[in-house]
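S.K.: Before I ask anything, let me first share the structure, which is written out below as structure tokens.
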Amino acid sequence: MIKRIEEIIHNSGLNAKQFAEKLGVSASKITDWRNGKTKPTVSDIIRISQYFNVSCDYLLTGEDRNSDLTDDEQELLSFYRKLDLFNKGKVIGMLTALVQSPSVFSAEEKVI
């Protein structure tokens, strides 16, 4: 679980102190987790889950058992989670533009 939390910290572009501030915990608490002195509480896990939009299942087990996402969607989400906030914004902007633009091909046309 700690490795997944550290991965989230790294992928978010935050350092441990900034991460702790976002969660409303002390930086020393994060250090204690890393050193194995303490473990995140249920409340900590829920806050991490909500703030970083990951499931508690993922934090605890590394798997998102309740996901109804296809393999493609899970892969896209995995890539997205690795981006910093700036690049996440760019992706959202590009996806918004793609969804709002008229399709070049009709449903009957085949792409070769």
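S.K.: If I ask for residues that are assigned to a helix (DSSP H, G or I) and open to solvent by 100 Å² or more (accessible area, probe 1.4 Å), which ones from the range 36-50 would you list?
M.R.: V42, Q50
S.K.: A further question on this structure: So which residues in the range 61-101 are touching a residue at least 24 places away in the same chain (Cβ under 8 Å), of a type in the set (A, V, I, L, M, F, W, C) and not in a helix (DSSP H, G or I)?
M.R.: L83
S.K.: Separate question: Answer yes or no: is there a residue in the range 2-14 that is in contact with a Pro (Cβ under 9 Å, 6 or more places away or on another chain) and either outside any loop (DSSP other than H, G, I, E, B) or surrounded by 14 or more Cβ atoms within 10 Å (Cβ to Cβ) (or both).
M.R.: yes
S.K.: Could you grab me the full set of residues in the range 24-35 that are open to solvent by less than 70 Å² (accessible area, probe 1.4 Å) and not polar (S, T, N, Q)?
M.R.: Once the filter is applied, which keeps residues that are open to solvent by less than 70 Å² (accessible area, probe 1.4 Å) and not polar (S, T, N, Q), the range 24-35 yields G24, V25, A27, K29, I30, D32, W33.
S.K.: Quick one: what pairs do we get from the range 3-19, first residue in contact (Cβ under 8 Å) with a residue 24 or more places away in the chain, second of a type outside the set (S, T, N, Q), C-beta under 6 Å, 6+ apart or different chains?
M.R.: Matching pairs, first to second residue: R4/L59; I8/F52; N11/R81; N11/K82; G13/D84.
S.K.: For the range 3-24, check the following and say yes or no: at least one residue is under 21 Å from S78 (Cα atoms), more than 13 Å from the chain's Cα centre (by Cα) and of a type in the set (D, E, K, R).
M.R.: yes
S.K.: Pick from the range 51-67 the residues that are over 12 Å from I8 (Cβ atoms) and open to solvent by 50 Å² or more (accessible area, probe 1.4 Å): which of them is modelled with the lowest pLDDT?
M.R.: N66
The values are calculated or read from the model by the stated rules, or taken from the named source; none is laboratory data. Computed from a predicted structure; not experimentally measured. We place every Cβ from the backbone using ideal geometry, glycine too, and count neighbours over all the protein chains shown. The accessibility values were calculated without ligands, DNA or RNA, using every heavy atom of the protein model including side chains. Shrake-Rupley method; radii C 1.70, N 1.55, O 1.52, S 1.80 Å.
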